[in-house]
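Participant: Quick one: the structure is below, questions incoming.
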Ligand SMILES: Cc1cc2nc3c(=O)[nH]c(=O)nc-3n(C[C@H](O)[C@H](O)[C@H](O)COP(=O)(O)OP(=O)(O)OC[C@H]3O[C@@H](n4cnc5c(N)ncnc54)[C@H](O)[C@@H]3O)c2cc1C
């Protein structure tokens with residue numbers, strides 16, 4: 001229970017109270033995180049020989065990541081949250097700071113300019129950011145858990161050398177799968193790729209693309225051979241400024257308004273052979289695998305959001321009348337967090353985590369919606385007005401049930417795997 005407990009100090013019954021975070025007090029500059037890499041250590045360890053530890057236990061480097069990101073979020077992002085939401089725009093200085101602090105290349109090896117840390121370090125960073133601003137959190141989540149991981153996992157060393165240093169030091173990434181006609185049914189995508197003498201030509205449109213406004217690097221899924229159905233789907237890199245590639249529209253949204261979500265057009269976009277990600281026709285497998293992991297990131301975002309909403313309200317309204325509801329909400333946050341960390345640890349251990357990731361995302365988004373909604377009611381009128389951030393947490397929570405697989409799709413995955421487990 002280390003990290004939840006750390007976020008909270010005993011609360012007095014008088015209002016308002018201040019919820020302090022031990023993490024903040026324990027801040028150490030994140031730069032020093034570059035000196036550590038927990039991933040190889042965990043890979044080398046025989047997990048069966050390790051003594052069982054509480055699911056929420058974090059290693060020293062993971063704690064350091066949580067502390068540092070918490071400090072960054074509270075001091076540098078917190079003061080800008082309301083203005084960014086109203087302006088529906090991400091402050092470029094925040095993106096710059098996140099790169100500077102090593103938060104955009106968490107799992108990228110140090111030789112490519114990254115922090116060389118493990119998946120759980122990314123998860124705690126996403127959670128800590130969401131506690132303050134879920135918009136910044138999803139930007140970091142998509143960049144780390146989808147874009148960086150895809151290049152790291154499926155590209156050869158030459159391509160990794162070309163892309164990863166950029167992605168860890170200054171170029172924001174986008175993951176472009178969804179289209180106007182294909183959301184849940186992602187592999188019905190209509191964007192086409194064809195071979196040219198020097199590489200490939202892409203034509204089509206993408207919709208709902210996170211980070212698109214600020215990104216310089218886009219992983220685009222297109223069908224190279226529609227006669228093979230979804231087995232023709234291939235992943236490509238398209239860089240900003242490539243002729244024929246444009247942002248057609250930036251969406252105006254209910255929540256996570258500082259996070260850009262755009263429609264993209266590809267009109268005869270020519271890219272070199274080197275921009276192929278992995279192998280032709282493997283895009284559908286890459287997308288499935290990456291999104292299974294990415295869901296743990298969204299679950300962490302929703303857990304952080306729930307805790308942020310809870311803290312914001314609890315420090316304002318803590319009193320005897322409210323204490324049961326406040327305790328109930330906190331218990332649900334702790335349960336969501338346990339699911340998130342369990343899924344992350346199973347992934348790191350090389351175990352099957354698909355059901356765990358789906359359960360974590362489903363449950364954490366439900367908890368985020370419930371807790372942020374209740375928090376508004378606990379605060380009365382003060383929860384409803386845009387002076388504070390209570391109403392923003394609730395608006396932001398709605399997306400948890402939609403992106404990276406809707407709640408129905410998570411239920412479908414869980415049910416399918418349960419059926420396999422219990423009927424075979
Ligand atoms: C803010 C935002 C950011 C996003 N970021 C990205 C991004 O960066 N990259 C990207 O590629 N995509 C992104 N998306 C797209 C997102 O993943 C899709 O919106 C999501 O997959 C749902 O697809 P849809 O919107 O087409 O809804 P639909 O698929 O049309 O779903 C509508 C409803 O039907 C239900 N439904 C659909 N199929 C089934 C089924 N088989 N069984 C039961 N129920 C079903 C759904 O659960 C949902 O309730 C983003 C979306 C939003 C809103």
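The values are calculated or read from the model by the stated rules, or taken from the named source; none is laboratory data. Predicted model only: the values in this text are computed from it and were never measured. Neighbour counts run over all protein chains shown; Cβ positions are idealised from the backbone, glycine included.
Participant: Here is a check on your reading of the model: is residue 115 away from the ligand (no atom under 16 Å from the Cβ), under 21 Å from residue 176 (Cβ atoms), at pLDDT 95 or above and buried (at least 23 other Cβ atoms within 10 Å of the Cβ)? Lay out the reasoning, then the answer.
Facilitator: Numbers: away from the ligand (no atom under 16 Å from the Cβ): yes; under 21 Å from residue 176 (Cβ atoms): no; at pLDDT 95 or above: yes; buried (at least 23 other Cβ atoms within 10 Å of the Cβ): yes.
No.
Participant: Taking only pairs six or more apart or across chains, which ones have beta-carbon atoms under 9 Å, a first residue in region 224-251 that is in a loop (DSSP other than H, G, I, E, B), and a second residue that is modelled with pLDDT of 95 or more and surrounded by fewer than 14 Cβ atoms within 10 Å (Cβ to Cβ)?
Facilitator: 224/194; 224/195; 243/267; 243/268; 244/267; 244/268
Participant: Does at least one position in region 126-138 carry a residue that is within 15 Å of the ligand (Cβ to nearest atom), within 30 Å of residue 82 (Cβ to Cβ), in contact with a strand residue (DSSP E or B) (Cβ under 7 Å, 6 or more places away or on another chain) and not assigned by TED's automatic domain parsing to the domain that holds residue 401?
Facilitator: Applying the first criterion (within 15 Å of the ligand (Cβ to nearest atom)) to region 126-138 yields 126, 130, 133-138.
Narrowing further to those that are within 30 Å of residue 82 (Cβ to Cβ): 126, 130, 133-138.
Among the residues that remain, those that are also in contact with a strand residue (DSSP E or B) (Cβ under 7 Å, 6 or more places away or on another chain) are: 138.
Within this subset, residues satisfying the condition of being not assigned by TED's automatic domain parsing to the domain that holds residue 401 are 138.
Within region 126-138 (the criterion being within 15 Å of the ligand (Cβ to nearest atom), within 30 Å of residue 82 (Cβ to Cβ), in contact with a strand residue (DSSP E or B) (Cβ under 7 Å, 6 or more places away or on another chain) and not assigned by TED's automatic domain parsing to the domain that holds residue 401), the answer is yes, since at least one residue qualifies.
Participant: What is the number of the single condition among (1) surrounded by fewer than 17 Cβ atoms within 10 Å (Cβ to Cβ); (2) more than 16 Å from the ligand (Cβ to nearest atom) that residue 184 does not meet?
Facilitator: (2)
Participant: Looking for whichever is within 16 Å of the ligand (Cβ to nearest atom) and more than 20 Å from residue 401 (Cβ to Cβ) here; the options are 146, 189. Which one fits? First the steps, then the outcome.
Facilitator: Numbers: 146 fails: more than 20 Å from residue 401 (Cβ to Cβ).
Only one candidate qualifies: 189.
Participant: Find the helices (runs of 4 or more DSSP H) located wholly in region 362-423 whose residues include 3 or more that are in contact with a strand residue (DSSP E or B) (Cβ under 8 Å, 6 or more places away or on another chain), under 18 Å from residue 135 (Cα atoms) and outside the structural domain of residue 127 (by TED's automatic domain parsing), and list them. Can you show your working first?
Facilitator: Numbers: elements: 381-384, 390-397, 407-423.
Once the helices (runs of 4 or more DSSP H) in region 362-423 are filtered for at least 3 residues that are in contact with a strand residue (DSSP E or B) (Cβ under 8 Å, 6 or more places away or on another chain), under 18 Å from residue 135 (Cα atoms) and outside the structural domain of residue 127 (by TED's automatic domain parsing), nothing remains.
Participant: Out of 365, 372, 407, 397, which single residue is away from the ligand (no atom under 16 Å from the Cβ) and within 19 Å of residue 298 (Cα to Cα)?
Facilitator: Working: 365 fails: away from the ligand (no atom under 16 Å from the Cβ); 407 fails: away from the ligand (no atom under 16 Å from the Cβ); 397 fails: away from the ligand (no atom under 16 Å from the Cβ).
Exactly one residue qualifies, and that residue is 372.
Participant: Quick one: count up the residues across region 238-276 that are in contact with a helix residue (DSSP H, G or I) (Cβ under 9 Å, 6 or more places away or on another chain) and within 14 Å of the ligand (Cβ to nearest atom).
Facilitator: The number of residues fulfilling the criteria is 9.
Participant: Here is a follow-up. Check region 220-229 and report whether any residue there is near the ligand (Cβ under 10 Å from one of its atoms) and within 30 Å of residue 137 (Cα to Cα).
Facilitator: Of all residues in region 220-229, those near the ligand (Cβ under 10 Å from one of its atoms) come to 220-221.
Add one more test, that the residue is within 30 Å of residue 137 (Cα to Cα), and what stays is 220-221.
Scanning region 220-229 turns up at least one residue that is near the ligand (Cβ under 10 Å from one of its atoms) and within 30 Å of residue 137 (Cα to Cα).
Participant: Looking only at helices (runs of 4 or more DSSP H) that fall completely inside region 1-111, which ones have 2 or more residues that are touching a helix residue (DSSP H, G or I) at 6+ places or on another chain (Cβ under 7 Å) and either at pLDDT below 50 or more than 30 Å from residue 346 (Cβ to Cβ) (or both)? Break it down into steps so the answer makes sense when it comes.
Facilitator: Numbers: elements: 2-7, 22-25, 38-44, 60-72, 81-87, 92-100.
Counting at least 2 such residues, we get 2-7, 22-25, 38-44, 81-87, 92-100.
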